[in-house]
Ligand code: EPU
């Protein structure tokens, strides 16, 4: 039987696969892996994928739920979360319990099991900052394996699961350490401004989460209204030397330190300068409030979106000499 993946990806793209299976437990994943005779892929929330073709594969959707307190100290709480939990619901759970550490990542679409793969982040915090360890099913053996924080080798929107360990594991549970007396991260300009507008000096976890929700709702399209996968490209990191010469031509270019001799640029700005913000191209285009977000205006195919993305890459390369790398996984 062929099934449509339209409801399983936030771009809302219609492609067909073989069977779609919802998987609710770790042992079901382990059994499936051991018995599988046909090729299969794993999907979380489908919020970071661009589907460009029909798949001759089964799709397993991680539905493992549960948020458990493993250990509670005076200052910190260790929790374990099922890989199929919705990330934003975890953030709201932490806010309801007044536990800090992940509230700046409110409203990021997707599942908890996918969060470590690209080390999601927003407003000055990345999931690695609260991450302790994860448990995964080894796809080649069906065995359960643990990964420590070091073993995950987290980087900016990067981890071992996008490199050597790509497609080799199914992340079934993630442990995070949350803080009882949290130090809110308010360094990001938008967050600072909104809190000060609201007269909040020392926000609670919930107040900070709410500020982030309001900022995101104003700037980013809601995937249930207009198909998208958040930032389509990563912010490019270039050498200090390249940056110095770019800055001579474009003195106002936004830039952030990114480790020794390296500078991170704002992909959104580069794309915006090429005239793409709010641009429409057939059924696809760039979001009116954030040039880094590519949208499906309805009925776009994955190929159409991918061709549009490549047009952006080409124009940014021509104008600035900078390569944009897709953040979204292209299937
Ligand atoms: N800008 C423009 N034009 C635009 C949008 C932004 O010139 O259309 C400029 C802004 O003025 C600012 C800079 O670009 O100087 C950066 O923009 P913004 O603060 O909106 O953040 P971003 O770098 O575009 C990143 C993450 C987002 C995350 C925000 C907030 C990446 C690839 N994206 O976006 O994450 O929400 O910071 O922390 O790192 C995602 O990964 O899917 C995502 C949405």
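The values are calculated or read from the model by the stated rules, or taken from the named source; none is laboratory data. Here the structure is a predicted model, which means the values were calculated and not measured. Note: ideal-geometry Cβ built from the backbone for every residue, glycine included; neighbour counts use all protein chains shown.
Things to note:
- The stretch 277-292 - residue that is more than 9 Å from the ligand (Cβ to nearest atom) and not in a loop (DSSP other than H, G, I, E, B) and, of those, farthest from residue 222 (Cα to Cα): 281
- Residue within the stretch 235-253 that is part of a helix (DSSP H, G or I) and within 29 Å of residue 152 (Cα to Cα) present: yes
- Within the set 118, 127, the sole residue that is in contact with a helix residue (DSSP H, G or I) (Cβ under 7 Å, 6 or more places away or on another chain), within 27 Å of residue 204 (Cβ to Cβ) and either at pLDDT 95 or above or within 16 Å of the ligand (Cβ to nearest atom) (or both) turns out to be 127.
- Yes/no for residue 257 being more than 9 Å from the ligand (Cβ to nearest atom) and surrounded by fewer than 20 Cβ atoms within 10 Å (Cβ to Cβ): yes
- Failed item, numbered, when residue 330 is tested on (1) over 30 Å from residue 58 (Cβ atoms); (2) loosely packed, with under 15 Cβ neighbours inside 10 Å; (3) within 16 Å of the ligand (Cβ to nearest atom): (1)
- When restricted to residues that are in contact with a strand residue (DSSP E or B) (Cβ under 6 Å, 6 or more places away or on another chain) and touching a residue at least 40 places away in the same chain (Cβ under 8 Å), the stretch 91-107 contains 6.
- Some residue of the stretch 148-167 being surrounded by 19 or more Cβ atoms within 10 Å (Cβ to Cβ) and part of a strand (DSSP E or B): no
- A single member of 196, 133 is modelled with pLDDT of 95 or more and over 20 Å from residue 105 (Cβ atoms), and it is 196.
- Among the conditions (1) within 15 Å of residue 110 (Cα to Cα); (2) assigned to a strand (DSSP E or B), residue 7 misses just one, which is (2).
- Residues of the stretch 293-325 satisfying the condition of being within 16 Å of the ligand (Cβ to nearest atom), within 19 Å of the chain's Cα centre (by Cα) and not in a loop (DSSP other than H, G, I, E, B): 293, 294, 295, 296, 305, 309
- Count of residues meeting criterion [surrounded by 16 or more Cβ atoms within 10 Å (Cβ to Cβ), over 21 Å from the mean Cα position of the chain (by Cα) and near the ligand (Cβ under 10 Å from one of its atoms)] in the stretch 227-254: 1
- Checking residue 145 against (1) touching a helix residue (DSSP H, G or I) at 6+ places or on another chain (Cβ under 9 Å); (2) assigned by TED's automatic domain parsing to the domain that holds residue 96, the condition it does not meet: (1)
- Scan of the stretch 171-216 for residues that are away from the ligand (no atom under 16 Å from the Cβ), in contact (Cβ under 8 Å) with a residue 40 or more places away in the chain and in a loop (DSSP other than H, G, I, E, B), ordered by number: 180, 181, 182, 183, 204
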